[in-house]
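Remarks on the structure that follows.
The values are calculated or read from the model by the stated rules, or taken from the named source; none is laboratory data. Bear in mind the structure is a predicted one, so any value in this text is a computation, not a measurement. Cβ: placed from backbone, ideal geometry, glycine included. Neighbour counts: every protein chain shown. Note: areas computed on protein heavy atoms with side chains; ligands, DNA, RNA excluded. Shrake-Rupley method; radii C 1.70, N 1.55, O 1.52, S 1.80 Å.
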Amino acid sequence: MADSDLSAPAPTRARRGRVRVAGAAAPSRSAKSPHKGQQTKAAIVDAALSLASQVGLEGLSIGAIAEMMGMSKSGVFAHFGSREELQISVVREYHDRFEREVFRPALAAPRGLPRLRALFDNWMRQTSLEIDSGCIYISGAVEFDDRPGPVRDALVATVNTWQAAVRRAVQLAIDEGHLRADADPAQVAFEIHGLILALHYEARFLRSTDGLRHARTGFDNLLARYRRDAG
């Protein structure tokens, strides 16, 4: 599996530029409407994600989003047939942004430990930026941990995808000889995730200013235990 493989739960829709053919007729008004509809839908998802970051996925409602967008409820329903569909779109949008801000920049670092460290640094930075808003992964887990259904399924799929990417990064560090050959990628990834959860709890709930320092120290201690030259 390629180390850049971090597939979203729904197929990624690539944005492809249109090639203008000389002499071709300009698109009709009706041909433009689907593009405008996509823009409106994207704007609704953006507003819904902003709201969900504050009040959680359960705090979303078609009425609240319609008011934020200056639209009618029926106008929002034209893009999302149900509140559940809107919630799932928010989960996927959050995943796409998380991938863009945390995972993909880390790929610029050399394979192995430098990439794993970059991944953790980006994750910490993202967590810090979300202190005042909230992490959809974490808040969603609290809201839907015992509530089966499509929204929970979407959350689980995105979190599993992200955790699989962390395990792959750990495996690369093992393959490069930076971590011990007997290190368990699932265990290392579990401990890394635990540091992020502790950081979020300390910084968001306890309002501790030491969370980042503790998380960095914890990560360094973790690597020291799993490094190839560790005793």
Report summary line: Log entry, pairs with first residue in region 116-134 being in contact (Cβ under 8 Å) with a residue 60 or more places away in the chain and within 17 Å of R100 (Cβ to Cβ), second being outside any helix (DSSP H, G or I) and not acidic (D, E), beta carbons closer than 8 Å, six or more apart or on different chains, reads T127/C135
**Report entry** For R207: the one exception among (1) open to solvent by 50 Å² or more (accessible area, probe 1.4 Å); (2) closer than 28 Å to E84 by Cα
**Finding:** (2)
Query - Residues of region 85-101 satisfying the condition of being within 15 Å of A47 (Cα to Cα) and of a type in the set (A, V, I, L, M, F, W, C) - result: L86, I88, V90, V91
Query raised in the report: Inside region 40-55, can you point out the residues that are crowded, with 17+ Cβ neighbours inside 10 Å and in contact with a Ser or Thr (Cβ under 7 Å, 6 or more places away or on another chain)?
Result: V45, S53
Query raised in the report: Of all helices (runs of 4 or more DSSP H) completely enclosed by region 64-140, which ones contain at least 3 residues that are of a type outside the set (A, V, I, L, M, F, W, C) and open to solvent by less than 50 Å² (accessible area, probe 1.4 Å)?
Result: 83-98, 113-129
Report summary line: Among D175, D229, D182, the single one that is in contact (Cβ under 8 Å) with a residue 24 or more places away in the chain, over 28 Å from I131 (Cβ atoms) and open to solvent by 30 Å² or more (accessible area, probe 1.4 Å) is D175
Requested in this report: Would you check if there is a residue in region 143-154 being of a type in the set (V, I, T) and surrounded by 15 or more Cβ atoms within 10 Å (Cβ to Cβ)?
Outcome: yes
